[in-house]
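The values are calculated or read from the model by the stated rules, or taken from the named source; none is laboratory data. What you are looking at is a predicted structure, and each value in this text was computed from that prediction instead of being measured. Every residue, glycine as well, gets a Cβ built from its backbone with ideal geometry; the counts of neighbours run over all protein chains shown. Quick note on the areas: whole protein, heavy atoms, side chains included, nothing else; ligands and nucleic acids left out. Shrake-Rupley method; radii C 1.70, N 1.55, O 1.52, S 1.80 Å.
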Amino acid sequence: MLRAPTIDSGGRVSTIIAIEGLTKKFGNLTALNDVHLNVEASELLGLLGPNGAGKTTLISILATILPSTSGGASVCGHDVHREQHAVRKCIGIVFQDPSLDDELTGRENLDFHGRLYGMDAGARLIRVEDVLRLVDLSDRGNDLVKTYSGGMRRRLEIARGLMHHPRVLFLDEPTLGLDPQTRRKIWDYIRALRDTFRMTIVLTTHYMDEADQLCTRIAIMDRGEIVALDTPDGLKARMGGDVLELEMTGAHQEFLEGLCRMQEVEDMAVEDEKLILTVVNAESFIPKAFQAAQEQEIQIRSVSMRKPNLEDVFIKLTGREIRDESAPDAKTRMRIYMGRKRR
Amino acid sequence: MNFGAAVYTLWLREMRRFLRNRSRLVGSMAMPALFLLVLGSGFGGFFRYRNDVSYIQFIGPGIIAMSLLFSSMFGGLNLLWDKQFGFFKEILVAPVSRMGIMAGKTLGTVTTSMIKGSVFLVGLMVAGLVRLEVFGLLLALVFMFLISAAFVSLGIAFASRMNDPQGFQLVMSFLIMPVFFLSGTLYPTEGLPLWLWTLTYLNPLTYGVDGLRFALGSAYNLSPLVNLAVIAAFWAVTTIAGSLLFRRMTA
């Protein structure tokens, strides 16, 4: 059974989403495996993971459009199985795939939504203008949606998700397939929602930078499980050092194993001719690495050092890389994971 | 949200789309119009039924039914397009009962079908091919409603089990066309080979066409009460089937 929501000192429910042991199976495939997660009010939580990690499945269950196999969840204090209508009233959702009526205008789409959510005519009139202004679409509101660009459609969908004043907004891959400029604009709207209206937002993404820049907390998902849950900085701090990238020729197994044994090395991965290391004390490690390379006649062509990013965290946690399959210029890279050292 | 408001919302959307797409309106009426004018005139010369019914008078009520059949079944196709374009998800995630959605969708499509059917009815009236009598015209509207509502539900029932609009083409070929051809619209049912006679009278649309013929003063075979009972029963069955299947539909 679900735990009762925690109540803060002001008497408000501070845990707005509670997920307890949620499991979803599609035949033999386990899309979600015993997921536990609590989301606090006015958090901006990111579900980060590769395609097929279970992000959309999780959101669909929370939004009551998919039943779970076992376990339960509540949103705004309402059970997602037994109190579907109450949950639906308190959430807004922007789906991954487009879900607008092309043959209606922007305003008509919003008006339709307002009617479905039981808003009266006066409230609808005011609210349609409010949300259109919020996403800068006031001047295009009377145009048919089929004349909109991809970014405008996305903005209209976000506006629609806000029509009925939801307390929780779900955004499933809100910037998928949009150009960088439009993505940045959508990020601004999302930030504004949280900052101005203290809205709780749960978004899924497989873009590392999106999660990093937007979210107050990130749940990294892989194969139906949450493998880590922390703030972006907290996650990066888990790497326990800086990331060092060495480009070299002629590296062999023996050399790599030698490096792996050095105490500064936390973590190691090989990508083509590039060696990616997480090291605690780069200053003392670099000379040692060069010395070892020289002894074994390996040529190091370049060295670069940077702070760890979420991609590094993901690789450390799962041994794999999140790859953006939809980006046309994404290089198909192969990283060979070298095993993890723990102290 | 109350049931009535949901029905009205879905109905309103159908109306807006209908009024916006006049070209589609004309397109969907082209086929029945072609049948009426070409067949009606083509066979007119050597067809005289029961001494005083011309061929165009004979098929006129059936052409109204044909137009209803086509546009009503295509309501199911619209549902599949909504699914394809994702709009269906927006409806399913709203705090609205499934039955409200189904009823609104049905009523919307019935309204647009009745408008198209009425265009033919008015055309026949203007051409002097139907009997102008208040009771008859009201009865015709009742039959038109029942035919339309029954086939809208049937279309929704089929659409509920399908995923893409392309598949609906099959329904078109294997269901809509046979139902029309076997409805006794184009030929009298006396002296038919037994197999054809059987298929014709197993077809619920036959009773709708015969009922319309009675109401509009053309040559009919069965008592209007029998026709009304059969088509109403068919409506009840498709509505129950459509509702049950629609309820299980996912986005």
Considering only B:Leu186, B:Val96, B:Gly44, whose Cα is most displaced toward the positive end of the charge dipole of the range B:3-247, charges sitting on Cβ of Lys, Arg (+1) and Asp, Glu (-1)?
B:Val96
Compare B:Tyr207, B:Tyr49, B:Tyr220 in a GNM of chain B, Cα atoms joined below 10 Å, and give the one with the largest fluctuation.
B:Tyr49
Between A:Leu132, A:Thr147, A:Met208, whose Cα lies farthest towards the positive end of the dipole of the range A:94-216 when Lys and Arg beta carbons carry +1 and Asp and Glu beta carbons carry -1, centred on the Cα centre?
A:Leu132
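Where the only charges are on Cβ atoms (+1 Lys, Arg; -1 Asp, Glu), what is the dipole of the range A:1-136 about its Cα centre, to the nearest 20 debye? Present the calculation step by step, with values, prior to reporting the outcome.
Details: 13 positive and 17 negative charges, 84 e Å.
That gives a dipole near 400 debye.
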Can you tell me the order of A:267-278, A:245-256 when each peptide is scored by its average per-residue count of other Cβ atoms within 10 angstrom, highest first?
A:267-278, A:245-256
Alpha carbon centroid spacing (whole Å) that separates the range B:61-129 from the range B:1-49:
9 Å
Under 10 Å, Cα contacts only: if you run a Gaussian network model on chain A, which one of A:Lys307, A:Lys236, A:Lys24 comes out with the highest mean-square fluctuation?
A:Lys307
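Rounded to the nearest 20 debye, what is the charge dipole size of the protein assembly as shown about its Cα centre when +1 sits on each Lys and Arg Cβ and -1 on each Asp and Glu Cβ? List each step's numbers first, then the result.
On the way: 64 positive and 60 negative charges, 379 e Å.
Once rounded to the nearest 20, the dipole reads 1820 debye.
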Heavy-atom accessible area of A:Cys90, protein chains in place, probe 1.4 angstrom, given in Å² to nearest 10, is 20 Å²
Per DSSP H run of n ≥ 4, the term is -39500 (n - 2.57); total these for chain A, divide by its residue number, and report the mean residue ellipticity at 222 nm rounded to 500 deg cm²/dmol.
-10000 deg cm²/dmol
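Work out the length of the dipole vector of the range B:3-247 about its Cα centre, built from +1 on the beta-carbon of each Lys and Arg and -1 on the beta-carbon of each Asp and Glu, and round it to the nearest 20 debye.
Values: 17 positive and 8 negative charges, 131 e Å.
For this selection, approximately 640 debye.
So what is the accessible area of the protein assembly as shown per residue, in Å², with the probe set to 1.4 Å?
On the way: 26160 Å² over 594 residues.
So the protein assembly as shown comes to 44 Å² accessible per residue, rounded to a whole number.
Which whole DSSP H helices in chain B pass both tests: a Cα extent of 15 Å or more along the axis and a mean Kyte-Doolittle value no lower than 1.0? Each step should come with its number before you reach the end.
Values: long enough: B:3-20 (26 Å, 0.11); B:22-34 (18 Å, 0.51); B:55-84 (42 Å, 0.84); B:98-126 (42 Å, 1.06); B:134-160 (39 Å, 2.45); B:204-215 (17 Å, 0.33); B:224-247 (34 Å, 1.60).
The qualifying helices are B:98-126, B:134-160, B:224-247.
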Full extension from A:Val280 to A:Asp195: what is 0.36 nm times the residue separation minus their Cα-Cα distance, to one decimal in nm?
27.0 nm
Theoretical FRET efficiency, 1/(1+(r/R0)^6), r = Cβ-Cβ of A:Asp188 and B:Phe43, R0 51 Å, to 0.05:
0.15
Which order do peptides A:226-233, B:24-31 fall in by mean Cβ count within 10 Å, highest first?
A:226-233, B:24-31
Tally Lys/Arg at +1 and Asp/Glu at -1 over every other residue whose Cβ is under 12 Å from the Cβ of B:Tyr49; what's the total?
+1
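With Cβ to Cβ distances under 14 Å as the rule, what net charge do the other residues near B:Leu124 carry (K, R +1; D, E -1)? Kindly include the intermediate steps, with their values, before the conclusion.
Numbers: positive: B:Lys116, B:Arg131, B:Arg213; negative: B:Glu133.
Taking every Cβ under 14 Å from that of B:Leu124, the sum is +2.
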Roughly how much of A:Thr147 is accessible, in Å² to the nearest 10, using a 1.4 Å probe?
80 Å²
Give the peptides A:38-44, B:101-107, B:152-158 in descending order of average Cβ contacts within 10 Å, highest first.
B:152-158, B:101-107, A:38-44
Each residue of A:107-119 has, on average, a number of other protein chain C-beta atoms within 10 Å of its C-beta equal to 5
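Could you put B:Arg131, A:Arg184 in order of accessible surface area, largest first, with the 1.4 Å probe and the full protein assembly present? Intermediate values should be presented prior to the final figure.
On the way: B:Arg131 110, A:Arg184 135 Å².
Result, largest first: A:Arg184, B:Arg131.
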In peptide B:96-103, how many Cβ atoms from other protein chains are near each Cβ within 10 Å, on average?
1
Which residue fluctuates the most in chain B, going by a Gaussian network model with Cα springs under 10 Å, if the choices are B:Leu141, B:Leu182, B:Leu37?
B:Leu37
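When the helix-only estimate is applied to chain B (DSSP H runs of n ≥ 4, each -39,500 (n - 2.57), divided by the residue count), what is the mean residue ellipticity at 222 nm, nearest 500 deg cm²/dmol? Can you show the working numbers first?
Working: 12 runs with 182 residues, N = 251.
Result for chain B, helices only: -24000 deg cm²/dmol.
Please give the average number of partner chain Cβ atoms lying within 10 Å of the Cβ of each residue in A:88-99, rounded to a whole number. Mind showing how you got there, number by number?
Details: counts 6, 3, 1, 2, 1, 3, 0, 5, 2, 5, 5, 11.
Mean partner shielding for this stretch: 4.
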